[in-house]
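Q: The structure follows.
The values are calculated or read from the model by the stated rules, or taken from the named source; none is laboratory data. Since we're looking at a predicted model, the values are computed, not measured. Cβ: placed from backbone, ideal geometry, glycine included. Neighbour counts: every protein chain shown. Quick note on the areas: whole protein, heavy atoms, side chains included, nothing else; ligands and nucleic acids left out. Shrake-Rupley method; radii C 1.70, N 1.55, O 1.52, S 1.80 Å.
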Amino acid sequence: MKRTLILTALMLIAFVGTQAQTLDKVLSKHFEAVGQEKLLKVETFIMKAKISQMGMDLPMDMIIVRPNKFRLDMDMQGQKMVQAFDGETGWMIMPWISNEPQDLAGDQLKQAMSQADMEGELYNYDEKGHTAELIGKVNSDGKEAYRIKLTTKDGSEKNYFIDANSYMVLKVKAKVEAMGQTIDVETKMLDYMTVNGIKMAKKIEASSPMGAQTIVFDEIKLDEKVDDAIFARPAK
């Protein structure tokens, strides 16, 4: 009996070790395909894009500065919406509610902090307090893909689908809190382009029970000078 238990334990340890190595291998190939080594040297991202939703095209500017600063400006029919994270706190301006800056909290703050992570959630996930598990190979919209389940340190769950051939992210499925309810959001990464040796999706399609939106990036600049003052909450 004892011998059987020991053999079972050894087999379990071997299985866990194999799973970990496989996850590491998939992630290693993904980072190599993305150009993560070059990405780690980038200090600033400046992106111009257009969001299409509900029949409207909304211009958007997004700025990310290492290690964890983020700002998004969106023109909504002549009104300018702003969301920002200065590395410690988040704030927003929604002019149809108030011209005064409001605190970012809850899922809005989590989203801003996630956007500020230039390296991406999968990179050094364990050091960030997340856990990851390779579920296995699945069919993702007709393509063979590795499904990786990521549980963030706050308990949020996301599933990444990585192309088994190109090792680029095909899509991400996540549960998100919105308007007091939990909804499923699926985000597809499309039309990858290469900028300074780094591959990025030129087009992003997001869908949920609340609707769909498409983001198309028109311009991406790396390592342009950025004034840190733009992330500071405006004085009242």
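Q: Just the residues that are within 20 Å of residue 193 (Cβ to Cβ) and open to solvent by less than 60 Å² (accessible area, probe 1.4 Å), please, taken from the range 136-159.
A: Of everything in the range 136-159, nothing turns out to be within 20 Å of residue 193 (Cβ to Cβ) and open to solvent by less than 60 Å² (accessible area, probe 1.4 Å).
Q: OK, next. Open to solvent by 50 Å² or more (accessible area, probe 1.4 Å) and part of a strand (DSSP E or B): is that true of residue 224 in this structure? If you could, list the steps in order and put the result at the bottom.
A: Values: open to solvent by 50 Å² or more (accessible area, probe 1.4 Å): yes; part of a strand (DSSP E or B): no.
No: the conditions fail for residue 224.
Q: Please verify whether residue 213 is of a type in the set (S, T, N, Q) and open to solvent by less than 80 Å² (accessible area, probe 1.4 Å), treating the condition exactly as stated.
A: Numbers: of a type in the set (S, T, N, Q): yes; open to solvent by less than 80 Å² (accessible area, probe 1.4 Å): yes.
In short, yes.
Q: For the range 88-100: of the residues being part of a loop (DSSP other than H, G, I, E, B) and closer than 27 Å to residue 175 by Cβ, which is least open to solvent (accessible area, probe 1.4 Å)? Even if it seems obvious, please write down each step before you answer.
A: Within the range 88-100, the subset part of a loop (DSSP other than H, G, I, E, B) is 88-89, 95-97.
Still in the running and closer than 27 Å to residue 175 by Cβ: 88-89, 97.
Details: 88: 160, 89: 77, 97: 124 Å².
Per the stated criteria, the residue is 89.
Q: Something else now. Can you pull out every residue in the range 156-174 that is small (Gly, Ala, Ser) and within 18 Å of residue 114 (Cα to Cα)? Step through it out loud before you land on a result.
A: Our first condition is that a residue be small (Gly, Ala, Ser); within the range 156-174, this holds for 156, 164, 166, 174.
156, 174, listed by residue number.
Q: Taking interchain pairs and intrachain pairs at least six residues apart, which have beta carbon atoms under 7 angstrom, with the first residue in the range 125-144 and free of Cβ contacts under 8 Å to residues at least 24 places away in the same chain and the second among the acidic types (Asp, Glu)?
A: From the range 125-144, the pairs are 130/121.
Q: Would you pick out the residues in the range 25-64 that are out of contact with any Ser or Thr (no Cβ under 8 Å at 6 or more places or on another chain), surrounded by 14 or more Cβ atoms within 10 Å (Cβ to Cβ) and among the hydrophobic types (A, V, I, L, M, F, W, C)?
A: 26, 27, 31, 34, 39, 42, 45, 46, 47, 49, 60, 62
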